[in-house]
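What follows is a single structure, written as C-alpha cells, with notes after it.
The values are calculated or read from the model by the stated rules, or taken from the named source; none is laboratory data. Treat the numbers as computed from the prediction; the structure is a model and nothing was measured. Quick reminder, even Gly has a Cβ in these numbers, built from the backbone with ideal geometry, and neighbours come from all protein chains shown. Areas reflect the complete protein model, heavy atoms only, side chains present, ligands, DNA and RNA absent. Shrake-Rupley method; radii C 1.70, N 1.55, O 1.52, S 1.80 Å.
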Amino acid sequence: MVKKLIMGNHAVSFGVMLSRVDVIAAYPITPQTQVVELLSEMCADKKINTRFLKVESEHSAMASCIGASTAGARTFTATSSQGLLLMHELLHWAAGARLPIVMANVNRALGPAWNIWTEETDSLAQRDTGWIQMYCESNQEILDTVFQAYKIAEKTLLPLMLAYDGFYLSHTLEPVDIPDQKTVDSFLPGYEPQIKVDVDNPNAFGSIAYPEHYMEMRYLIKKAMDGVRDVAVKVNDEFRDIFKRGYGIIEKYKTEDARVLLITTGTAASTTRIVIDNLRKRGNKIGMIRIKMFRPFPSQEIRDAVRGYDKIAVIDRNMSFGVGGIFAQEIRAALSGYSNMPVVFEFIAGLGGRDITPNTIEEITKYTLNHERGEEGGIWAGLKI
C-alpha cells in the first residue's frame, strides 16, 4: 500500500486500474475529464491491460460499455451533467439487460444557465433507470467504492453509478491509501459472467419481449434491486475485514442524544460534522445521518435511525421542480404510514456549486429548532432574491 495525495478524479482512475477493468469507453466533459485522461495514459503506457475506446459522445460511451459487457468484459465509463443526460436512453438498456457496468458521475449542475459546479440533480434525475446509486464524501471513499461497486454490481447483475461532488472532490487533493494489486485481487476476483456472447454457448440477446414475458423480466430486476442492500452490507463487511475501513449504507454521527437530526449526503456531510461539533460545545444536541446509498433507497435503515426523534432537517443539493428536494421526498415516502416518526423539514442549499457554509447549516439548524413545521416545497437556504 502507498499513500498518495490525489484528487477525487484520480482516485477513480486508480480504482479502475486496480479493478482490472477490461474495457473503458469515454468522452470528456468537465469536471470528469481527468478520470479518463489518466486512464488513457495508463493504457498508452501499458500500465494496465485494458482496451480504451475513444468515442464521439457519451451516448456512444455507454453503448460501447453495453456491447463489451454483453461480451463478458468488465467495463467502465465516467461522465457528468449533460453527458449523463445524453446517456439516459442507454442507462435503461444497461439495467434491463442486467449488465454490471460501473460508471463514475461527477455531480454537476444542468443547463441552462451553463454551470460547471456541483449539484446532484444530474444523477438523481436518473433514479428510475434501474441503476444502483452511491454518493461519496471523500477521495478515499471514492477509491474504495470503485472496488465495492464492481463486486456489488457483478453479484446482483445491476449497473452501478458512484457519484461525488464536482470540484469539492473531483479537483481537491486529499491523502488516499492506495492498496497493492494483490490485496485488491483478494477482494475482487475477475469477472466470470454465466451468460455472455459466446459462439460455443449461443444465447439470444436484445430480442423483442412480448407482453407474456416483459412484465416478469421487470419483476426480476425489481427482485434484484431488493437484494442490493444485503449484498452491499456483506460486501462492505468483507471489505472492512481486508482493508480495515468501511462505510455502510447510511452513517450516523452523534445521533444518540440529539434533539434534531440533520440528513444530507456528499461533501455537505463533512461541513455538517464541523457545525455539529461547534453547536454541541454551546449545548445544542444535534446529530447527523449521511446517506451513501440512494438506489435502492435505504427506507428501513432511515426509519430505524429516525424513529422517536421529534424533527429531522434534510439538506438537499438538488431540485425536482414542482415537488422539492429529492432526498426529502424519498425520506417522506419512507416514513409515511409509520408511527412515532419525526416532522421532516426540507431545505434546498448549494445549487450550482454555491458553498454550503457552516453559517448556512447553523441557520438551517436554528430554524428547525425554533419552528414546529417547515414550509411546503422546502426552504431555500441562502437565497438572495
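For the reader, a short list of remarks on this structure follows.
- Within the stretch 207-224, considering residues that are without any contact (Cβ under 8 Å) to a residue 12 or more places away in the chain and of a type in the set (G, A, S), the one least open to solvent (accessible area, probe 1.4 Å): A209
- Criterion: without any contact (Cβ under 8 Å) to a residue 40 or more places away in the chain and within 20 Å of C136 (Cα to Cα) - qualifying residue of S299, S270: S299
Table: residues versus (1) over 22 Å from the mean Cα position of the chain (by Cα); (2) over 26 Å from T172 (Cβ atoms).
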site	(1), (2)
R229	no, yes
V233	no, yes
N236	no, no
R240	no, no
I249	no, no
A258	yes, yes
T264	no, no
S270	no, no
R282	yes, yes
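- R229 under 14 Å from D144 (Cα atoms) and either assigned by the TED database to the domain that holds R127 or in contact (Cβ under 8 Å) with a residue 12 or more places away in the chain (or both): no
- Of K285, K311, K292, all but one fail to be in contact with a Pro (Cβ under 7 Å, 6 or more places away or on another chain), in contact (Cβ under 8 Å) with a residue 12 or more places away in the chain and not assigned by the TED database to the domain that holds Y135; the exception is K311.
- Qualifying residue in the stretch 281-290 (condition: surrounded by fewer than 16 Cβ atoms within 10 Å (Cβ to Cβ) and assigned to a helix (DSSP H, G or I)): yes
- Note on the stretch 1-16: residues that are surrounded by fewer than 23 Cβ atoms within 10 Å (Cβ to Cβ) and touching a Ser or Thr at 6+ places or on another chain (Cβ under 8 Å) amount to 2.
- Taken over the stretch 340-378, the criterion of being modelled with pLDDT of 95 or more, assigned to a loop (DSSP other than H, G, I, E, B) and over 23 Å from N284 (Cα atoms) is satisfied by G350, R354, D355.
- Scanning the stretch 254-280 for residues that are in a loop (DSSP other than H, G, I, E, B) and either open to solvent by less than 60 Å² (accessible area, probe 1.4 Å) or of a type in the set (A, V, I, L, M, F, W, C) (or both) yields T255, A258, T265, G266, T267.
- Subset of the stretch 126-168 that is in a loop (DSSP other than H, G, I, E, B) and within 19 Å of E251 (Cα to Cα) - its residue that is least open to solvent (accessible area, probe 1.4 Å): C136
- Which listed residue, of I195, I152, is at pLDDT 95 or above and either assigned by the TED database to the domain that holds A104 or aromatic (F, W, Y) (or both): I152
- Where a residue in the stretch 83-99 is assigned to a helix (DSSP H, G or I) and its partner, wherever it lies, is among the acidic types (D, E) and open to solvent by 70 Å² or more (accessible area, probe 1.4 Å), with Cβ under 7 Å and at least six apart: none
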